[in-house]
1. With respect to residue A:243, determine if the residue is more than 14 Å from chain B (Cβ to nearest Cβ) and either open to solvent by 60 Å² or more (accessible area, probe 1.4 Å) or among the aromatic types (Phe, Trp, Tyr) (or both).
2. Within segment A:117-128, work out how many residues are assigned to a strand (DSSP E or B) and either at pLDDT below 80 or surrounded by 12 or more Cβ atoms within 10 Å (Cβ to Cβ) (or both).
3. So, in segment B:18-46, how many residues would count as being in contact with a His (Cβ under 8 Å, 6 or more places away or on another chain) and either more than 26 Å from residue B:72 (Cα to Cα) or of a type in the set (Lys, Arg) (or both)?
4. Taking segment B:84-111 as the search range and keeping residues that are assigned to a helix (DSSP H, G or I) and of a type outside the set (Ser, Thr, Tyr), which one is surrounded by the most Cβ atoms within 10 Å (Cβ to Cβ)?
5. Do any helices (runs of 4 or more DSSP H) entirely within segment A:1-116 hold 3 or more residues that are touching a Lys or Arg at 6+ places or on another chain (Cβ under 6 Å), at pLDDT 85 or above and open to solvent by 60 Å² or more (accessible area, probe 1.4 Å), and if so, which?
6. Pick out the one residue from A:231, A:270 that is within 27 Å of residue B:72 (Cα to Cα), open to solvent by less than 100 Å² (accessible area, probe 1.4 Å) and charged (D, E, K, R).
7. Of all residues in segment A:139-155, how many are within 21 Å of the chain's Cα centre (by Cα) and either assigned to a strand (DSSP E or B) or free of Cβ contacts under 8 Å to residues at least 60 places away in the same chain (or both)?
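The values are calculated or read from the model by the stated rules, or taken from the named source; none is laboratory data. Being a predicted model, the structure only gives us computed values, none of them experimental. Virtual Cβ from ideal backbone geometry, glycine too; neighbours counted across all protein chains shown. With ligands, DNA and RNA removed, areas are computed over all heavy atoms of the protein, side chains included. Shrake-Rupley method; radii C 1.70, N 1.55, O 1.52, S 1.80 Å.
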Amino acid sequence: MDETLAEFFRRTILKIPMTEMMTILKTWNFLSENQLQTVNFRQRKESIVQDLVLLCEENRASLNDAAHLDIIYTQFHRHQKIWDVFQMSKAPGDDIDLFDMEQFKSSFKKILQRALKNVTVSFRDAEENSVWIRIAWGTQYKKPNQYKPAYVVYYSQTPYAFTSSSRLKSNLPLLGQSFETHNCTTSLQEGSLGLNINMDSRIIHENKVEKERVQRVTQEIFGDYPQPRLEFAQYKLETKFKSDLNGGILAEREEPLRCLVKFSSPHLLEALKSLAPAGIADAPLSPLLTCIPNKGKNYFKIRDK
Amino acid sequence: MSALRPLDKLPGLNTATILLVGTEDALLQQLADSMLKADCTSELKVHLARSLPLPCSVNRPRIDLIVFVVNLHSKLSLQSVEESLCHLDAAFFLGKVAFLATGAGRDSHCSIHRNTVVKLAHTYRSPLLFCDLEIEDFRAAMAQRLVRLLQICAGHVPGVSALNLLSLMRGSENPSLEDL
C-alpha cells in the first residue's frame, strides 16, 4: 500500500471515537471477525490504529475501501455537517423514466470522470432507496484531495438531493448536471418526510395560527436537533420580594430574600423544549431557561440590578 | 371579537359539534380521537381550542356543547379556563357547558384543590365530570359519555333537551353543592 493511502487510513480511523470503533468497523465489514480479535483494544488509541492499518495492508485495501470507511464515518456523524437541499423539477412534456440504481451510479461516475480527470467517486446504499455519494475533488494536475470530500445524499424516489458544503463551490453546477439526466417525478412518500398531518378532518384546531407560532418560536430558540443532555439547572435568587398585592408582611422588607430553585429531569433541555408545545407554558420561555446552552452553564445567581 | 352564542347559526343535518377548550393540546387531541372512535349515529365534529375567544377567521358550524378541560396539575390550565368563561354568552350555560377535570388520580401532582373546580362548576351552574384522560380506558368511557351528552345537546335524542339533562344531572351528582 502506498504511503499516502496508509496515512489516509490512519487519519480516518483515528477520527473515529473509541465508543463507536467496533460498530463502525463492523459496518464497514472489510476486516474479518478473526482479524479484529487479534487487535488489543486496551492499548493507547494510536497503537490500536496502527494495528488496524497493518491489517488493512494485509487485506490489500484500496482507495475505494478507504472511501467506504469515510462514508460510514460521515453517516454516523451526519449532524456535524451542514447540508444544502436541492429540489429537481421536471420539464413539462418529459416522459416518466424508470429509475435503476446501478445505472444511475455508473453514469453519474462517468459524467464526473469525463469532466474532471482527477476525481474519486464512491457510493454506498442507505435506507429508503437512498444513496450516499462521496466525491473527492482534484484538478487537472493535482490528485484528488481525500481529506475534503463532498457528500451528496440522493433519495431516488424523490426529487431531493442533499449536499454537504464543498470547498470547491465551482463544482456544484457539474453535480447538478449529472443529476439532470436522472430526475424523478414519483410523488413524495409521506413517511420519508416525517409529515405529521392530523388525517381526521372531523377534528378542527381553532388556534392553528397560534400553534404554528409556538412551534416556530420553539424551533427558533431550541433548533431542530436533540438537545444536549442535562439533568438539572439551579438558580440561586437573591432578590427583593415583589408582590402584586399592596402591603403584606414581606412587601416592606429591604433585604433580599434568599431562595434556591432547582429543576431536575432525566433530560432537562428536552423537557423545557416541550413545555410550550404541550400548552404547559407560554412561548417564548423565560430567557433564564433558554440561555442554558448558549451560556454553557447551569448554575445561576440572580440578583436585583 | 365574536362572543360565542348557542343559537346564532342553523344546525347542520344530523351534525353535532363539540368544542373542547383547554391549554394542553395533547390531552384534547387524545380525547377528540377517543370520541370519534365511539359509537354514534350522528355526524360528529370536534373543535379544539386553547382558550376563548375563538379567532374570527375560522368558518365554524353551530357549537352544541362546550367542555372546558382543567388539568388539576396545572394552575395555568385553570387560569386559562376562568379567563375564557368571560367570553361566553350566558345562554350557553343552560345545559350546553360542562367542566372536565383531569389528573385527580395522581394526588401528589395536583396543585389545584378538587373543591376549586367544584366551586367553579357550581358558580356557572354546569356539570362537573372527573376523568383521568391519560388512562386510555377511562378516557374511552368518558368519550362515550360526552358523545351521548353531545347528542342530547344537539337535539338528536327525542324527548330530552339540554336543559332537561342539566336538571337531571344536577340532582344526582352534586347533592351537597348548597352546602359549599
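1. Numbers: more than 14 Å from chain B (Cβ to nearest Cβ): yes; either open to solvent by 60 Å² or more (accessible area, probe 1.4 Å) or among the aromatic types (Phe, Trp, Tyr) (or both): no.
No; evaluated as a whole, the condition is false for this residue.
2. Step one: list which residues in segment A:117-128 are assigned to a strand (DSSP E or B), which gives A:119-126.
Restricting the remaining residues to those that are either at pLDDT below 80 or surrounded by 12 or more Cβ atoms within 10 Å (Cβ to Cβ) (or both) gives A:119-124, A:126.
Looking only at that region, the number is 7.
3. Within segment B:18-46, residues that are in contact with a His (Cβ under 8 Å, 6 or more places away or on another chain) and either more than 26 Å from residue B:72 (Cα to Cα) or of a type in the set (Lys, Arg) (or both) number 2.
4. Kept after step one, since they are assigned to a helix (DSSP H, G or I), are these residues of segment B:84-111: B:84-85, B:90-93, B:107-109.
Remaining after also requiring of a type outside the set (Ser, Thr, Tyr): B:85, B:90-93, B:107, B:109.
On the way: B:85: 20, B:90: 10, B:91: 13, B:92: 22, B:93: 17, B:107: 9, B:109: 12.
Result: B:92.
5. Counting at least 3 such residues, we get no helices (runs of 4 or more DSSP H) at all.
6. Details: A:231 fails: open to solvent by less than 100 Å² (accessible area, probe 1.4 Å).
Answer to the check: A:270.
7. 7
A quick yes/no check of all residues on (1) of a type outside the set (Val, Ile, Thr); (2) farther than 20 Å from residue B:43 by Cα; (3) surrounded by 15 or more Cβ atoms within 10 Å (Cβ to Cβ):
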{"position": "B:127", "(1), (2), (3)": "yes, yes, yes"}
{"position": "B:130", "(1), (2), (3)": "yes, yes, yes"}
{"position": "B:135", "(1), (2), (3)": "no, yes, no"}
{"position": "B:140", "(1), (2), (3)": "yes, no, yes"}
{"position": "B:146", "(1), (2), (3)": "yes, no, yes"}
{"position": "B:152", "(1), (2), (3)": "no, no, yes"}
{"position": "B:162", "(1), (2), (3)": "yes, no, yes"}
{"position": "B:170", "(1), (2), (3)": "yes, yes, yes"}
